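The block underneath contains the structure these notes are about, expressed in structure tokens.
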Amino acid sequence: MQNLAEQISNQLGEDRVLSGEAVSERATSYWNSEAMTAKAILLPRSTEEVSMMLRLCHAANQTVVTQGGLTGCVMGAEPASDDIVISLEKMNRIEEIDAVNGIAVVEAGTVLQQVQESVLDEELFFPLDLGARGSCTIGGNVATNAGGINVLRYGMMRNLVLGLEAVLVDGTVISSMNQMLKNNAGYDIKQLFIGTEGTLGIITRVVLRLFHKPASRQDALVAMQDFDGVVGFLAHVQKDLGGALSAFEIMWGDYFKAVTEPGGHRAPMDREYPFYVVLQAEGGDPDSDADRFESVLGDALEKELIVDAVLPKSDTESLAIWEIREDFENILQPEPVYLYDISLPIRHMPAYVDDVARNVFEHWPSGDLFTIGHVADGNLHFFVRPNEPGDLHGVSDECVYAPLASYSGSVSAEHGIGIEKIKWLSHSRNRAEIELMRSMKKSLDPRNLLNPGRVLGAG
Ligand SMILES: Cc1cc2nc3c(=O)[nH]c(=O)nc-3n(C[C@H](O)[C@H](O)[C@H](O)COP(=O)(O)OP(=O)(O)OC[C@H]3O[C@@H](n4cnc5c(N)ncnc54)[C@H](O)[C@@H]3O)c2cc1C
């Protein structure tokens, strides 16, 4: 009897299936360089092909893991050796950009940066933006409800999706390609697939909401002596920039210093400040916007909310300050390094970070704790680097999550639960919420074949 991969290869063509070395020569994910293990990788070219593949897998009781750009941070797209992978990488067409209605229709495997650049050519703007823009896909962004650096002005991915098409585990196609901002005709079906990490269906096409390209953009890197300065400066720019603020990204001094070590990024200001913020404003009038931005920063210096500021004079200089925040490659060694994605009320951040630091250094006196975040969204990322070999993930998790409960925070602000955080879901969701999630999963995928075990575990 033919196996599934052979059946699909015979029906759709050999180029739809990778097996053997073609699987193992791929890395498991951005974060895991080990060879990928899976029975096969399927490469559909259309929704109909995804449907056909899922129908066959369903009939054979075959588990399926969906992959986009493999940049997800919680192992959600990492297959086990007996899974079949469906990768959306060949479904990467931008079908339509409609400036009048402010929408783009794209296939789910389209890379985020490709969407950003294509709509810019039409003087339009797609505001989702994150460090993985060159690799992550729209389908992955929807499945994880990605956040990133522009959430404070434009919301998370959920706010940028008008409609979508998805395929259920048995191959049923749910086409809900709404293009309107308003549509309250019954349940909003797309929400079933946004942020549910591929556990309820495979997203194949998406209608995105676009905005007009801002006429001006200003960036700055500033430094503060204490966290009160960060909070005071945030309030100052939110008020005085009149709603133009689009990004406000914090770096604790330990992070800034580490990524600007020799061999890393060039530091455009003193490396010894305790806090740094990269901020961005967007507006409609390039001349007056730049003057206003400078004067708001000048006021903040006078009021001593900030102690230093660098305003880039070119796109290259802008990029250089953003790279300090977004490119953390040189702190990822020596392994292991554990990444966290916490949200909590801003006022609790300093106390919580102190609690985590105390725990980390108690366990690993020569360890490192690097802290950054989308502070205006109440979102912090930690990199815990014990500087000791071994699997220390469980201990590290305790250091970070144990103090969180007393601040009513969440174990996942934007990365999701995947496999990595299943154990911690109940720290952020109550029993009734988890039971409802289980019953939704049971009703749509009773045999737990689609992204099995993600979010809710095996049971
Ligand atoms: C340098 C770097 C910076 C990052 N910064 C941010 C950030 O600021 N904010 C943020 O939110 N995240 C960030 N991330 C995490 C990551 O980029 C996002 O989670 C992204 O949305 C994942 O997209 P992907 O295409 O890589 O998905 P994958 O990693 O391939 O998959 C992620 C999950 O989505 C599922 N999935 C993928 N495609 C589909 C589909 N078509 N249908 C159904 N399910 C699907 C997978 O099964 C998996 O569970 C960052 C990652 C890196 C490496």
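Counting just the residues of region 129-171 that are within 11 Å of the ligand (Cβ to nearest atom), of a type in the set (S, T, N, Q) and more than 16 Å from Glu249 (Cα to Cα), which one comes out surrounded by the fewest Cβ atoms within 10 Å (Cβ to Cβ)? Step by step, filter region 129-171, then rank; the result is Ser135.
Looking only at region 204-228, count every residue that is open to solvent by 20 Å² or more (accessible area, probe 1.4 Å) and within 16 Å of the ligand (Cβ to nearest atom) and tell me the total. Going through region 204-228 one residue at a time, the tally reaches 1. Quick check on region 42-53. Is at least one of its residues within 25 Å of Met75 (Cβ to Cβ), at pLDDT 95 or above and either part of a loop (DSSP other than H, G, I, E, B) or open to solvent by 70 Å² or more (accessible area, probe 1.4 Å) (or both)? Yes.
Every test in (1) in contact with a His (Cβ under 7 Å, 6 or more places away or on another chain); (2) within 13 Å of the ligand (Cβ to nearest atom) is passed by Phe125 save one, and that test is (2). Scanning region 233-244 for residues that are of a type outside the set (S, T, N, Q) and surrounded by fewer than 17 Cβ atoms within 10 Å (Cβ to Cβ) yields Ala235, Lys239, Asp240, Gly242, Gly243.
Taking the condition open to solvent by 50 Å² or more (accessible area, probe 1.4 Å), over 17 Å from Asp377 (Cα atoms), of a type outside the set (Lys, Arg) and outside any helix (DSSP H, G or I), does Gly198 pass? For Gly198, the condition - open to solvent by 50 Å² or more (accessible area, probe 1.4 Å), over 17 Å from Asp377 (Cα atoms), of a type outside the set (Lys, Arg) and outside any helix (DSSP H, G or I) - is not met.
In region 99-112, the qualifying residues are those that are crowded, with 23+ Cβ neighbours inside 10 Å and not β-branched (Val, Ile, Thr), and the one that is nearest to the ligand (Cβ to nearest atom) is Ala108.
Among the polar types (S, T, N, Q) and away from the ligand (no atom under 12 Å from the Cβ): does that describe Ser81? In short, yes.
Against the test of being part of a strand (DSSP E or B), at pLDDT 95 or above and surrounded by 19 or more Cβ atoms within 10 Å (Cβ to Cβ), the options Val115, Val85 yield a single qualifying residue, Val85. Every residue in region 269-292 that is over 18 Å from Phe370 (Cα atoms), buried (at least 16 other Cβ atoms within 10 Å of the Cβ) and not small (Gly, Ala, Ser), please. Residues satisfying the conditions are Met269, Leu279, Gln280, Glu282, Asp289, Arg292.
Tell me, please, whether a residue that is of a type in the set (Val, Ile, Thr), farther than 14 Å from Leu279 by Cα and outside any loop (DSSP other than H, G, I, E, B) can be found in region 235-257. No, the conditions are met nowhere in region 235-257. Of all the numbered requirements in (1) among the charged types (D, E, K, R); (2) in a strand (DSSP E or B); (3) closer than 30 Å to Tyr276 by Cβ, Arg158 misses one, and that requirement is (2). Arg325 meets each of the listed conditions (1) crowded, with 20+ Cβ neighbours inside 10 Å; (2) touching an Asp or Glu at 6+ places or on another chain (Cβ under 7 Å); (3) not in a helix (DSSP H, G or I) apart from (3).
The values are calculated or read from the model by the stated rules, or taken from the named source; none is laboratory data. Since this is a predicted model, take the numbers as computed values, not measurements. Counting neighbours? That spans all protein chains shown, and the Cβs are built from the backbone with ideal geometry, glycine included. Surface accessibility is based on the protein's heavy atoms, side chains included, excluding ligands, DNA and RNA. Shrake-Rupley method; radii C 1.70, N 1.55, O 1.52, S 1.80 Å.
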